[in-house]
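A.B. asks: The following block contains the structure, expressed as C-alpha cells.
The values are calculated or read from the model by the stated rules, or taken from the named source; none is laboratory data. Model, not experiment: these values are computed from the prediction. Cβ sites come from the backbone with ideal geometry, for glycine too, and all protein chains shown count toward neighbours. These accessible areas exclude ligands, DNA and RNA; they are computed on the full protein's heavy atoms, side chains included. Shrake-Rupley method; radii C 1.70, N 1.55, O 1.52, S 1.80 Å.
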Amino acid sequence: LWLLIAVLVRLVPAIARWRTRSYDLAALRMAGTTASAVRRSSIAAELVAALLSVIVGAIVGTTGAALALRRLPLFTTRPTVSTLTLTPAWLACLGAPLAAALVLGLTGWLIGRATARRAELTRLREAQ
C-alpha cells in the first residue's frame, strides 16, 4: 500500500504539469537539442527526484525509528520478559528503501519518457 501511495504521489504532479514540461522540452528541441538528449534529461530529472526522496526518507525513517523505539513505552506495566532488544529491524530498514528505489525509479523513468514523448514542436504553437 505504501508503494502505491508513493507512486500516486509521483504521478499526480506529473499529470498536472505534463503540458508545461512538454512545452519546455519542445522549446529545447526547437533550440537544437537532439531528441535523445531531451529524453535523457527528462528521465534524469524524474530519477533524481525519486531517488533523492528515497535516500532522504530512508535516513529520516531509520533515525526516527531508532530514536523512538528506545523512548516509547511498549507496556503499561513493567514486563516480566526482557525488552533490551528494541533495535530497528535492519533487514526491513534496507529492504524497504531498495523496493522503493526500484518502484519509484521505474515510475520516474516512465514519467520522464512519457513527458519527453509529448515534446513535439506543435506544443510551441499551442502555447501562443
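A.B. asks: Mind telling me which of Ser82, Ser41, Ser22 comes out most flexible in a GNM of the chain, alpha-carbon contacts under 10 Å?
C.D. replies: Ser82
A.B. asks: For the chain, build the charge dipole from Cβ charges (+1 Lys, Arg; -1 Asp, Glu) around the Cα centre, then report which of Ser53, Trp18, Ala6 sits farthest towards its positive end.
C.D. replies: Working it through, the farthest residue towards the positive pole turns out to be Trp18.
A.B. asks: Could I ask something else about it? Of the accessible area of the chain, with the probe set at 1.4 angstrom, what percent is carbon plus sulfur?
C.D. replies: It is 69 percent, rounded to a whole number.
A.B. asks: Would you kindly state how much longer the chain becomes between Leu124 and Ile59 on full extension, computed as 0.36 nm times their sequence separation minus their alpha carbon distance, in nm to one decimal?
C.D. replies: That works out to 19.2 nm of additional length.
A.B. asks: Can I ask one more? I'd like the distance separating the alpha-carbon centroids of region 1-75 and region 89-128, in whole Å.
C.D. replies: Computed from Cα coordinates, the inter-centre distance equals 7 Å.
A.B. asks: May I ask you to give the solvent-accessible area per residue for region 1-110, in square angstrom, as obtained with a 1.4 angstrom probe?
C.D. replies: Ligands and nucleic acids excluded, the result is 70 Å² per residue.
A.B. asks: What residue among Gly57, Gly32, Gly105 has the largest mean-square fluctuation in a Gaussian network model of the chain, using Cα springs under 10 Å?
C.D. replies: In this elastic network of the chain, the residue with the biggest mean-square fluctuation among Gly57, Gly32, Gly105 is Gly32.
A.B. asks: Relative contact order of the chain: what whole-number percent is it, with Cα pairs under 8 angstrom and at least 6 residues apart? Write down the numbers at each step before the final one.
C.D. replies: Numbers: 90 pairs, mean separation 68.4, N = 128.
Relative contact order for the chain comes out at 53 percent.
A.B. asks: Which value, to two decimals, describes the C-alpha radius of gyration of the chain once divided by 2.2 N^0.38 Å?
C.D. replies: Cα-based Rg divided by the globular estimate yields 1.55.
A.B. asks: Any idea what % of Cα-Cα pairs in region 72-128 are farther than 19 Å?
C.D. replies: When every Cα pair of region 72-128 is considered, 65 percent fall beyond 19 Å.
A.B. asks: Might you report the magnitude of the Cβ-based charge dipole of the chain about its Cα centre, with Lys and Arg at +1 and Asp and Glu at -1, to the nearest 20 debye?
C.D. replies: It comes to approximately 200 debye.
A.B. asks: Here is a further query. Please find the FRET efficiency linking Leu8 to Thr80, where r is the Cβ-Cβ separation and R0 is fixed at 41 Å, and quote it to the nearest 0.05.
C.D. replies: 0.40
A.B. asks: Let me ask another. So which chymotrypsin sites (Phe, Trp or Tyr not before Pro) in region 12-76 are both in a DSSP loop and have at most 16 other Cβ atoms within 10 Å of their Cβ?
C.D. replies: Details: sites: Trp18, Tyr23, Phe75; in loops: Phe75.
Here the sparse-neighbourhood loop sites are Phe75.
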